[in-house]
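Engineer: Can you read through this structure? Questions will come right after.
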Amino acid sequence: MNDSKNRTFHTIKDFVDLDFHAHRTTRNAIQAKLDLGNGIQISVVSHKDNEPSFGGLYGNASNGTYEVAVFQDDDFVPLSTADDVIGWQTKDDINDLMSKLQGNIDKVGDFIDSLHLARSEMRSYLDLDNPHIN
């Protein structure tokens, strides 16, 4: 017998759930922040159209690209081995990332742990934590 009354269903949030507003500090830019549960938040920012020739945000909404950051309990989650943010992400890229940050808490934890491990391994490989170099 299938008893749906005892099941808990979670709606997975994706790009369409992001509510964009004018960026707080960057002109001609947008930003959205969304709570994904379990202390995890995603931040998505982008220029509205042509980005400046130097500096600024790593995305251009008119071309469908965005810069993404993730926070767990207000600390950055390292999204690449070299930076806390990843740029030039498409809506599909963001949906994929958001799906990995929601759902089964053990799988989410394993995913975040793998990001921290990749960062740590890269720092070790580059000898960035050697006190005699820095």
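Engineer: Amide H to amide H, which residues 5 or more places from TRP88 or on other chains are under 5 Å from it, using H placed in the peptide plane?
Structural biologist: GLY59, TYR66, GLU67
Engineer: Along the range 65-72, what does the Karplus equation 6.51 cos²θ - 1.76 cosθ + 1.60 (θ = phi - 60°) give for ³J(HN,Hα), rounded to whole Hz, x for Gly and Pro?
Structural biologist: 10, 9, 9, 10, 10, 10, 10, 10
Engineer: Taking the simple approach of a point 7 Å from Cα along Cα-to-Cβ for both PHE76 and ASP113, what is their distance in nm?
Structural biologist: Reported label-point gap for PHE76 and ASP113 is 2.3 nm.
Engineer: Of LEU128, MET98, ASN63, whose Cα points farthest to the positive end of the dipole of the chain (charges on the beta-carbon: +1 Lys, Arg; -1 Asp, Glu; origin at the Cα centre)?
Structural biologist: Positive-end residue among those listed: ASN63.
Every number here is computed from the coordinates shown, using simple stated rules; none is lab data. Small disclaimer: the values here were computed from a predicted structure and weren't measured. Every residue, glycine as well, gets a Cβ built from its backbone with ideal geometry; the counts of neighbours run over all protein chains shown.
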